[in-house]
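As structure tokens, the structure follows; a few thoughts come after it.
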2 protein chains.
Amino acid sequence: MDLRNGFDISRYIRSIPDYPKKGIIFRDITTLLANPHGLRAAVDELVWPFLKTDIDYVIGIEARGFILGGAVAHELGKGFVPIRKKGKLPWKVIGRDYELEYGVDRIEVHADAIGEGDRVLLVDDLIATGGTADAAIELIRESGAELIAAAFVIDLPDLGGAQKLREKGVKVHTLVEFEGE
Amino acid sequence: MDLRNGFDISRYIRSIPDYPKKGIIFRDITTLLANPHGLRAAVDELVWPFLKTDIDYVIGIEARGFILGGAVAHELGKGFVPIRKKGKLPWKVIGRDYELEYGVDRIEVHADAIGEGDRVLLVDDLIATGGTADAAIELIRESGAELIAAAFVIDLPDLGGAQKLREKGVKVHTLVEFEGE
């Protein structure tokens, strides 16, 4: 339980059994975001380790990462850069494939959005196996930008994603953990 | 040209000719959002008419509406509620079909997210023909909530969406206009 700011974020995350399939408990942050104190607490706790860090851009991953990423960029007074699913960005992009349980997906960022000398903070709602986050980090590094840290509201440590990122030298910041998935 | 706050938002929107198809000029807000002064100016101008208005929730439409919606909710100190594409929300939903150029799409909101007595502000990046915004407004009204206003960064007035919403009694707030599409 995390009571920084006196607000217990984990209590406001809704657990939905057997979604999207039997045996999986889905952690739904919409109930956290809909609460004004919840949104504020999530943004405050995502940014506090970085308040004195030099950051140029906050990067969010489509789609839930856009909600928190937009709010975090606004709170820090920085620009926001979206990483989107394949074919959604209108300008020249660089992209990276990543594996899903069945098949392959692709994320992209505008080729001129970040580059050499830029210091970026990656924000998303949740880290599970870390497939999407890992692809996002590879994209950021390919662009020449420096990844300062990756920040997530929820960590599912049993799925190993946060650990995998740390082993690649990424500073990972998470707010709440749920076990057993 | 709008120079409130001394920042000309329109200059930071990238115009991409012949995207997504020949003859269309796509207005790309990623260049605005990536600029820290641009993101700040867009959020400030979206919220200023509502600073003294009683609002419970900011609602954003997937996916670009999440970036500004999250930042606007955070700025106003309110909760954020997402309207998502069909099948993306994990809990019980209400939904609404809307017509595309070819075919039909559907947006959904959690059935317990907003209801009777809630006062909501809808935020999206752009209003063109208004098909998605109109469906979102129907959803909000179906939920029993009260729509205070709909706020967009970009209006394409030649496509008539903002006018259509105003004729339905919606207060529409837009920041910049582009003509000729």
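The values are calculated or read from the model by the stated rules, or taken from the named source; none is laboratory data. Everything numeric in this text was worked out from a predicted model, so none of it was measured. Cβ placement follows ideal geometry from the backbone for every residue including glycine, while neighbour counts extend to all protein chains displayed.
Given A:G70, A:G87, which one is assigned to a helix (DSSP H, G or I), within 14 Å of another protein chain (Cβ to nearest Cβ), at pLDDT 95 or above and within 27 Å of B:I83 (Cα to Cα)?
Exactly one of A:G70, A:G87 is assigned to a helix (DSSP H, G or I), within 14 Å of another protein chain (Cβ to nearest Cβ), at pLDDT 95 or above and within 27 Å of B:I83 (Cα to Cα), namely A:G70.
Give the range A:22-36 a look and list any residue that's touching a residue at least 60 places away in the same chain (Cβ under 8 Å), of a type in the set (V, I, T) and buried (at least 20 other Cβ atoms within 10 Å of the Cβ), or say none.
A:I29, the sole residue that qualifies.
Conditions (1) of a type outside the set (G, A, S); (2) part of a strand (DSSP E or B), marked per residue:
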position	(1), (2)
A:D105	yes, yes
A:D112	yes, no
A:L122	yes, yes
A:L126	yes, yes
A:A151	no, yes
A:D158	yes, no
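Looking at (1) over 21 Å from A:R14 (Cα atoms); (2) crowded, with 21+ Cβ neighbours inside 10 Å, find the lone condition where B:K78 falls short.
Of (1) over 21 Å from A:R14 (Cα atoms); (2) crowded, with 21+ Cβ neighbours inside 10 Å, only one is false for B:K78: (1).
Which residue, of B:L121, B:L147, B:L139, B:L159, is among the hydrophobic types (A, V, I, L, M, F, W, C) and more than 28 Å from A:I29 (Cβ to Cβ)?
So the residue among B:L121, B:L147, B:L139, B:L159 that is among the hydrophobic types (A, V, I, L, M, F, W, C) and more than 28 Å from A:I29 (Cβ to Cβ) is B:L159.
Regarding the range A:40-62, can at least one residue be identified that is at the interface with chain B (Cβ under 7 Å from one of its Cβ atoms), within 13 Å of B:A71 (Cα to Cα) and either assigned to a loop (DSSP other than H, G, I, E, B) or hydrophobic (A, V, I, L, M, F, W, C) (or both)?
Yes, the range A:40-62 contains at least one residue that is at the interface with chain B (Cβ under 7 Å from one of its Cβ atoms), within 13 Å of B:A71 (Cα to Cα) and either assigned to a loop (DSSP other than H, G, I, E, B) or hydrophobic (A, V, I, L, M, F, W, C) (or both).
Conditions (1) on the phi < 0 side of the Ramachandran plot; (2) surrounded by 23 or more Cβ atoms within 10 Å (Cβ to Cβ); (3) among the charged types (D, E, K, R), marked per residue:
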| residue | (1), (2), (3) |
| --- | --- |
| A:I137 | yes, no, no |
| A:R141 | yes, no, yes |
| A:V153 | yes, yes, no |
| A:V172 | yes, no, no |
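Here is a list: A:K168, A:K164. Which entry is more than 24 Å from A:A42 (Cβ to Cβ) and out of contact with any helix residue (DSSP H, G or I) (no Cβ under 6 Å at 6 or more places or on another chain)?
Result: A:K168 is the single residue among A:K168, A:K164 that is more than 24 Å from A:A42 (Cβ to Cβ) and out of contact with any helix residue (DSSP H, G or I) (no Cβ under 6 Å at 6 or more places or on another chain).
Among the residues of the range B:122-144, is there at least one that is within 28 Å of A:L46 (Cα to Cα), modelled with pLDDT of 95 or more and away from every other protein chain (no Cβ under 13 Å)?
yes
Of all residues being assigned to a helix (DSSP H, G or I) and under 13 Å from A:G169 (Cβ atoms) in the range A:137-149, which is nearest to the chain's Cα centre (by Cα)? Just the residue, please. Working first, answer last.
Step one: of the range A:137-149, the residues assigned to a helix (DSSP H, G or I) are A:137-143.
Now restrict to residues that are under 13 Å from A:G169 (Cβ atoms): A:137-138, A:140-141.
Working: A:I137: 11, A:E138: 14, A:I140: 13, A:R141: 16 Å.
So the residue we want is A:I137.
Can we say A:I94 is more than 11 Å from chain B (Cβ to nearest Cβ) and over 18 Å from the mean Cα position of the chain (by Cα)?
Details: more than 11 Å from chain B (Cβ to nearest Cβ): yes; over 18 Å from the mean Cα position of the chain (by Cα): yes.
The answer is yes for A:I94.
Quickly run through the range B:73-84 and pick out the residues that are in contact (Cβ under 8 Å) with a residue 12 or more places away in the chain and either more than 14 Å from the chain's Cα centre (by Cα) or at the interface with another protein chain (Cβ under 7 Å from one of its Cβ atoms) (or both). If you could, list the steps in order and put the result at the bottom.
Filtering the range B:73-84 for residues in contact (Cβ under 8 Å) with a residue 12 or more places away in the chain gives B:73, B:75-76, B:78-84.
Of everything in the range B:73-84, those that are in contact (Cβ under 8 Å) with a residue 12 or more places away in the chain and either more than 14 Å from the chain's Cα centre (by Cα) or at the interface with another protein chain (Cβ under 7 Å from one of its Cβ atoms) (or both) turn out to be B:A73, B:E75, B:L76, B:K78, B:G79, B:F80, B:V81, B:P82.
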